[in-house]
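Asks: To start, I am sharing the structure in question, which I have written as structure tokens.
The values are calculated or read from the model by the stated rules, or taken from the named source; none is laboratory data. Computed from a predicted model, the values in this text were never measured in an experiment. Every residue, glycine as well, gets a Cβ built from its backbone with ideal geometry; the counts of neighbours run over all protein chains shown. To get the accessible areas, we keep the full protein, side chains included, count just its heavy atoms, and leave off ligands, DNA and RNA. Shrake-Rupley method; radii C 1.70, N 1.55, O 1.52, S 1.80 Å.
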Amino acid sequence: MTTIKVNGEVNIQPNLAEFEFKEVLSSDPSRKAVFLLLNNKTTGKAAILVADKNPFVEDGSVINEWIKDAKLRNLAQNDIYGSYELLMPEKFNAVKSSLIYPATDKHILKYRRREVYMIYETADDYKSITKPSIKESLFNLDWVYNFLDHKAETDRIVFDDPDPNIGFMLAPDLKWNGVDVDNLYLQAIVVRRDIMSVRELTGEHIPLLENVRKQVRRVVKEKYGLNPNQIKMYFHYQPSYPHLHIHVINIKYEAPGAGMTCIFLDEAIDNLKIWPDFYQRATLPFVGKEGDVLLNKFREAKRLNEE
Ligand code: M7G
């Protein structure tokens, strides 16, 4: 590992040669993504590498640039039909990746391919099963607080509204390179630290949600040229991190985690306008994975509909 400074922050630049392959946790051939478990040869600690190929950029000048230097390796030829392997110039060959290091057992479980089940969480289930186990079942919030406190990713902030009640920060999701608008993926992370998820929203939070909707639409239009009807804004339920955040993605892009239950921001605002206590009373479905702490708690409480 090399220590580097980005914007005055000390960051650790990992060197992949320090790791060895342990296991393929899962893969998604249609997305051309693979989730690998690695082991650091010096420390023995685990790491997770998510490697996810970038989509092709549709900008003609960029295409001309790679066409100029790309090479075709012939596989077969029949009449006018040729089959080739296209060898792209190095500059266009980058694979978008994230590395989690050191990775905890909970991270490893999150990325491992597992059986999934629908769980229907009633308001009572939330109070008696989910809420008491949130610390145990979800991930810690260090990265969120680093971000809100301007201790990390400061050069990636796209928009910052510091208002303590309705403010939020907008930045590229870890899974997005911040450049290719076709797979635009931003996170709007609210400044307030007392709302764990959509489940805790009430009518009181409508101004916050409306502020996020309005400002995100404006910023995404100005900065990335996408109209409000070309983006989706939604919450995951259950989220992995118990701090309210809104996923903002290009609708063209099939975002990873799409199998999870998504609640649209527009829908949440409407629900709260009609019934301010909607999320205190509603049954919210979510997808649980075998081995999750929360799934086990629902199983113990016989709330899994297994019979
Ligand atoms: P979620 O709905 O809580 O859980 O979303 P999910 O990961 O199961 O979808 C959290 C989102 O935050 C995900 O889309 C992550 O890719 C993103 N994310 C996670 N971390 C640790 C970071 C980070 O350090 N920086 C940024 N920018 N995004 C992150």
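Asks: If I ask for residues that are of a type in the set (Asp, Glu) and either surrounded by 13 or more Cβ atoms within 10 Å (Cβ to Cβ) or within 11 Å of the ligand (Cβ to nearest atom) (or both), which ones from segment 146-162 would you list?
Replies: Within segment 146-162, Glu153, Asp160, Asp161 meet the criteria.
Asks: Further question on the same structure: Can you tell me which condition Gly178 does not meet? The list is (1) out of contact with any helix residue (DSSP H, G or I) (no Cβ under 6 Å at 6 or more places or on another chain); (2) away from the ligand (no atom under 16 Å from the Cβ); (3) open to solvent by less than 70 Å² (accessible area, probe 1.4 Å); (4) not hydroxyl-bearing (Ser, Thr, Tyr), and all the others hold.
Replies: Failing condition for Gly178: (2).
Asks: Could I ask something else about it? With the structure loaded, tell me whether Ala94 is within 30 Å of Ile108 (Cβ to Cβ), at pLDDT below 95 and of a type in the set (Gly, Ala, Ser) or whether it fails that test.
Replies: Yes.
Asks: Let me ask something additional. Wholly within segment 61-174, which strands (runs of 3 or more DSSP E) include no fewer than the required count, namely at least 1 residues that are of a type outside the set (Asp, Glu) and more than 30 Å from Glu306 (Cβ to Cβ)?
Replies: Because the criterion is at least 1 residues that are of a type outside the set (Asp, Glu) and more than 30 Å from Glu306 (Cβ to Cβ), the strands (runs of 3 or more DSSP E) in segment 61-174 that meet it are 71-78, 81-87, 95-100, 159-161, 168-172.
Asks: While we're here: Suppose we filter segment 119-146 for residues that are within 20 Å of Val212 (Cβ to Cβ) and in contact with a Lys or Arg (Cβ under 9 Å, 6 or more places away or on another chain); how many remain?
Replies: Count: 3.
Asks: For the list (1) open to solvent by 60 Å² or more (accessible area, probe 1.4 Å); (2) out of contact with any Leu (no Cβ under 8 Å at 6 or more places or on another chain); (3) not small (Gly, Ala, Ser), I need the number of the one condition that Asn165 fails.
Replies: (2)
Asks: So for segment 259-277 (the condition being hydroxyl-bearing (Ser, Thr, Tyr) and crowded, with 19+ Cβ neighbours inside 10 Å), does at least one residue qualify?
Replies: There is no residue in segment 259-277 that is hydroxyl-bearing (Ser, Thr, Tyr) and crowded, with 19+ Cβ neighbours inside 10 Å.
Asks: On to the next question. Within the group Asn177, Asn211, which residue is within 18 Å of Ile157 (Cα to Cα), in contact with a Lys or Arg (Cβ under 6 Å, 6 or more places away or on another chain) and not assigned by TED's automatic domain parsing to the domain that holds Asp28?
Replies: Only one candidate qualifies: Asn177.
Asks: Every residue in segment 59-92 that is open to solvent by 30 Å² or more (accessible area, probe 1.4 Å) and in contact with an Asp or Glu (Cβ under 7 Å, 6 or more places away or on another chain), please.
Replies: Arg73, Leu75
Asks: A further question follows. With segment 185-294 as the region, which strands (runs of 3 or more DSSP E) entirely inside it contain at least 2 residues that are among the acidic types (Asp, Glu) and within 16 Å of the ligand (Cβ to nearest atom)?
Replies: The strands (runs of 3 or more DSSP E) meeting that bar number zero.
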